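Q: Quick one: structure below, then a few questions.
The values are calculated or read from the model by the stated rules, or taken from the named source; none is laboratory data. Values in this document were obtained by computation on a predicted structure and should not be read as measured data. Note that each Cβ is placed from the backbone with ideal geometry, even for glycine, and that neighbours are counted across all protein chains shown. To get the accessible areas, we keep the full protein, side chains included, count just its heavy atoms, and leave off ligands, DNA and RNA. Shrake-Rupley method; radii C 1.70, N 1.55, O 1.52, S 1.80 Å.
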Amino acid sequence: QLQASGGGLVQAGGSLRLSCAASGSIFVFNHMGWCRQAPGKQRKLVARIFSGGYTYYADSAKGRFTISRDNANNTLYLQINSLKPEDTAVYYCNAERRGVNYWGQGTLVTVSS
């Protein structure tokens, strides 16, 4: 199971760190990542980190988002800086293992202008 947390209401320009705690070892996953779904829009990949440490960012996330993982604590993070109103969305963590995708329940980020 994946449990996301850390969302909230923040003013534009602020920062948040989202966390995604796994119930077991995250070493088993080929990759883990964060997606977001804005109101009325499709869910989109924001960032991904692979087991070897390689990271991928969507264009909208480059420069402001940082994905990282704490293997000892089985937790995935997403640091978001310089938040913008258009970052408002429900953020979901996910992980893939042997072709199966696992999802957390989502955490809401609301950015006020």
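Q: Just one of the numbered conditions (1) touching a residue at least 24 places away in the same chain (Cβ under 8 Å); (2) hydrophobic (A, V, I, L, M, F, W, C); (3) surrounded by fewer than 17 Cβ atoms within 10 Å (Cβ to Cβ); (4) in contact with a Leu (Cβ under 9 Å, 6 or more places away or on another chain) is not true of Ala58; which one?
A: Failing condition for Ala58: (1).
Q: When the stretch 65-106 is examined, which residues are found to be among the hydroxyl-bearing types (Ser, Thr, Tyr), open to solvent by less than 60 Å² (accessible area, probe 1.4 Å) and under 14 Å from Val46 (Cα atoms)?
A: Ser68, Tyr77, Thr88, Tyr91, Tyr92
Q: While we're looking at this one, here's another question. Looking at Lys41 and the list (1) more than 15 Å from the chain's Cα centre (by Cα); (2) in a strand (DSSP E or B); (3) of a type in the set (Lys, Arg), which single condition is not satisfied?
A: The number of the failed condition is (2).
Q: When residues of the stretch 4-26 are filtered for being surrounded by 12 or more Cβ atoms within 10 Å (Cβ to Cβ) and either free of Cβ contacts under 8 Å to residues at least 60 places away in the same chain or in contact with a helix residue (DSSP H, G or I) (Cβ under 7 Å, 6 or more places away or on another chain) (or both), how many remain?
A: Summing the residues that are surrounded by 12 or more Cβ atoms within 10 Å (Cβ to Cβ) and either free of Cβ contacts under 8 Å to residues at least 60 places away in the same chain or in contact with a helix residue (DSSP H, G or I) (Cβ under 7 Å, 6 or more places away or on another chain) (or both) in the stretch 4-26 gives 3.
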